[in-house]
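What follows is a short report on a single structure.
Computed from the coordinates by the stated procedures, all read-outs in this text should not be read as laboratory data. Being a predicted model, the structure only gives us computed values, none of them experimental. With ideal geometry, Cβ positions are generated from the backbone for all residues, glycine too; neighbour counts draw on all protein chains shown.
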Amino acid sequence: MSDSHDHSSAGHVLSLKMLAGTFVALLLLTALTVATGKMDLHGFDLGVAMIIATIKATIVALIFMHLKWDRPFNGYIFLVAILFVGMFLAYVVVDTNTYQNDIKGWTKENISNSTAE
Amino acid sequence: MSSDHHDSKLAHHFDDLEQQFDANKFGMWVFLLTEILFFSGLFVAYATYRSNHPDVFQYASQFLDTNLGAVNTAVLLLSSFTAAWAVRAVQLGQKNLVTTLLGITVLCACGFMAIKYMEYSHKYHEGLLWGNAEHSIFKENTADVASSVREHGHHWGDVKDLDPEFRRQTGIFFGIYFCLTGLHGIHVLLGIILMLWLMRRNMRGDFSPEKYDAVDCGALYWHLVDLIWIFLFPLLYLIS
């Protein structure tokens, strides 16, 4: 455990300037996402909003949550969580899109059947 | 380490305080991982439904107040700032400042819940609820909509002319909205209890610059609640 001091976040104190700066940056990014949310970005609205949210989340994780100075393993746990959410999301969205036409066809058929009766 | 002079702050199965701190923090991060995956089910429900019905989301988000959502974002960011500052204060042994900062964090969390309550009660009165809720105006069959929301609600005139299937799907949007913000709100309430407990322990003198694991892990939980809101706000309130 001789090198543990290099990685342990125990004892690392963040300066007040950095904490306040982080807070102001997060507020500015919130204002930016509200402003871009009201604009018409021709289909890129969701992408822009998600990029800004990801930047905000990264700032919170690295500075407020100390990951920048923490043991790297804690950061890996966080990244693994994000990775699994991504896999979950990707498989479900691909799966549901594959069968969407069948579902829509079925619903229309059903509705026309029930009105015919 | 001599066991005769065992440090009361150190559990028996750890070599030193630093090892204990790292183990506690590791455990906290694993807990946060389970929290992220816990929420991910609802985020995936959101993504699936939005990718199949983008028009429903576009229509439904007009019923959400962007300004209240933005204010709540700022309130949560402020509380995250004071929580992070509380960790700094406890590291520096500023006991009274820790109590004050945790107190501000609790006040911000209460403010967040107060705004949430205003939003929820407005939606309840207008019948902007999931489709099978008694007061919902998003029922496929207009005859099923309660007369109270038809007569007193401000949105019925608009909603009643929608395609019945579209109206039913808008009800599903509100189901997703209430599940996501509701689960997040429960986490905020738990955070309030957690912060009050930390305040009490701090005033009792449980923490010192050598031993402050609970404050650090409590702040980590609070930041995660903030992180989730950072994504919820644009996903629900900013659909244009």
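Each label point was placed 7 Å from the Cα along the Cα-to-Cβ direction; for residue B:190 and residue B:74 their separation is 2.9 nm.
Taking the Cα centre as origin and putting +1 on Lys and Arg beta-carbons and -1 on Asp and Glu beta-carbons, what dipole magnitude results for the range A:36-117, to the nearest 20 debye? Before the final figure, lay out the partial values.
Details: 6 positive and 7 negative charges, 99 e Å.
Here the range A:36-117 has a charge dipole of around 480 debye.
Checking the Cα-Cα distances for B:123/B:160; B:25/B:211; A:17/A:38; A:68/B:25; B:9/B:95; B:25/B:116 against a 21 Å cut-off, the pairs over it are A:17/A:38; B:25/B:116. Candidates A:75, B:97, A:65 compared by Cα position along the dipole of the protein assembly as shown: farthest toward the positive end lies B:97, with charges placed on Cβ.
With +1 on the Cβ of every Lys and Arg and -1 on the Cβ of every Asp and Glu, and nothing else charged, how large is the dipole of the protein assembly as shown about its Cα centre, in debye rounded to the nearest 20?
On the way: 23 positive and 33 negative charges, 158 e Å.
Using only the charged Cβ atoms, the result is roughly 760 debye.
For the segment A:45-53, counting C-beta atoms of other chains within 10 Å of every residue's C-beta and taking the mean gives 4. With N the number of residues in the protein assembly as shown, Rg(Cα) / (2.2 N^0.38 Å) evaluates to 1.15. Working note: 222 nm ellipticity from helices only, DSSP H runs with n ≥ 4, each -39,500 (n - 2.57), summed and divided by the residues of chain B, gives -25500 deg cm²/dmol to the nearest 500.
Between residue A:107 and residue B:63, the distance separating the two model label sites (each 7 Å from Cα on the Cα→Cβ line) works out to 1.7 nm. Seen through its C-alpha gyration tensor, with square-root eigenvalues sorted a ≥ b ≥ c, the range B:9-84 comes out oblate because a/c lies at 1.5 or above while a/b is not bigger than b/c. How far apart, in nm, are the 7 Å Cα→Cβ label points at residue A:91 and residue B:11? Going from the residue A:91 label point to the residue B:11 one covers 3.3 nm.
Rounded to the nearest 20, the Cβ-based charge dipole of the range B:17-237 about its Cα centre (Lys and Arg +1, Asp and Glu -1) stands at 600 debye.
Here chain B is described by how far its Cα atoms reach on the three principal axes: 78, 31, 29 Å, from widest to narrowest.
Peptide packing for B:141-149, A:63-71, B:181-189, B:82-90 was compared via the average number of neighbouring C-beta atoms within 10 Å per residue; ordered from the highest value, the list is B:82-90, A:63-71, B:181-189, B:141-149.
What FRET efficiency comes out for the pair residue A:25/residue B:115, r = Cβ-Cβ distance, R0 = 22 Å, nearest 0.05? Walk me through the numbers on the way to the answer.
Numbers: r = 23 Å, r/R0 = 1.05.
Here the calculated transfer efficiency is 0.45.
Run the reach check for residue A:104 against lysines, Cα to Cα strictly under 22 Å, same-chain hits fewer than 8 apart removed. What comes back? Qualifying lysines at Cα under 22 Å: B:139.
Sort A:99, B:212 so the one with the fewest other Cβ atoms within 10 Å of its own Cβ comes first.
Details: A:99 10, B:212 24.
Least to most surrounded, the residues fall as A:99, B:212.
Shielding value for B:229-235 is 6, the average number of Cβ atoms from other chains within 10 Å of each residue's Cβ.
Peptide B:89-99 is shielded by partner chain Cβ atoms: per residue, an average of 1 of them sit within 10 Å of its Cβ.
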